[in-house]
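Have a look at the structure below before the remarks.
The values are calculated or read from the model by the stated rules, or taken from the named source; none is laboratory data. Here the structure is a predicted model, which means the values were calculated and not measured. Glycine also receives a Cβ, built like all others from the backbone with ideal geometry; neighbour counts cover every protein chain displayed.
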Amino acid sequence: MSDASSALPEANFLTFCSGLCTQALMQLGEVPFPDSGQRQENLPFARYTIDILCILREKTQGNLTQEERSYLDAAIEDLQTRMAQKQS
């Protein structure tokens, strides 16, 4: 029997943010939900998830590595652009 925890990614800030970004992409209908394999838009939830990422950026200001800050900035910009395209 294999250890299930060996299949889990390392628990760190980048992994946490990546999970939220993936969730937002699913809510934007850009990525299929893993349980159904279907793409489904839920723009209010996508906006909420993007807002959470923005709060994380604000509350962690000055405490992130350059890699973490760059990832978070780029992810938020990408998600906000995708959201604007969906709303236009």
remark   = The residue from ALA46, ALA84 that alone is surrounded by 14 or more Cβ atoms within 10 Å (Cβ to Cβ), small (Gly, Ala, Ser) and at negative phi is ALA46
note = Within segment 37-86, residues outside any helix (DSSP H, G or I) and either within 16 Å of THR15 (Cα to Cα) or not small (Gly, Ala, Ser) (or both) come out as GLN38, ARG39, GLN40, GLU41, ASN42, THR60, GLN61, ASN63, LEU64, THR65
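Take ALA75 and tell me if it is modelled with pLDDT of 95 or more, touching a Ser or Thr at 6+ places or on another chain (Cβ under 9 Å) and surrounded by 13 or more Cβ atoms within 10 Å (Cβ to Cβ).
Numbers: modelled with pLDDT of 95 or more: yes; touching a Ser or Thr at 6+ places or on another chain (Cβ under 9 Å): yes; surrounded by 13 or more Cβ atoms within 10 Å (Cβ to Cβ): yes.
Yes.
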task = Could you check PHE33 against (1) modelled with pLDDT of 95 or more; (2) surrounded by 13 or more Cβ atoms within 10 Å (Cβ to Cβ) and say which number it fails?
result = (1)
request  = Kindly list, by first and then second residue, each pair from a residue in segment 11-33 that is farther than 16 Å from LEU56 by Cα and without any contact (Cβ under 8 Å) to a residue 12 or more places away in the chain to a residue that is of a type in the set (Ser, Thr, Tyr) and not in a loop (DSSP other than H, G, I, E, B), limited to pairs with Cβ atoms under 7 Å and residues at least 6 apart or on different chains.
outcome  = VAL31/THR22
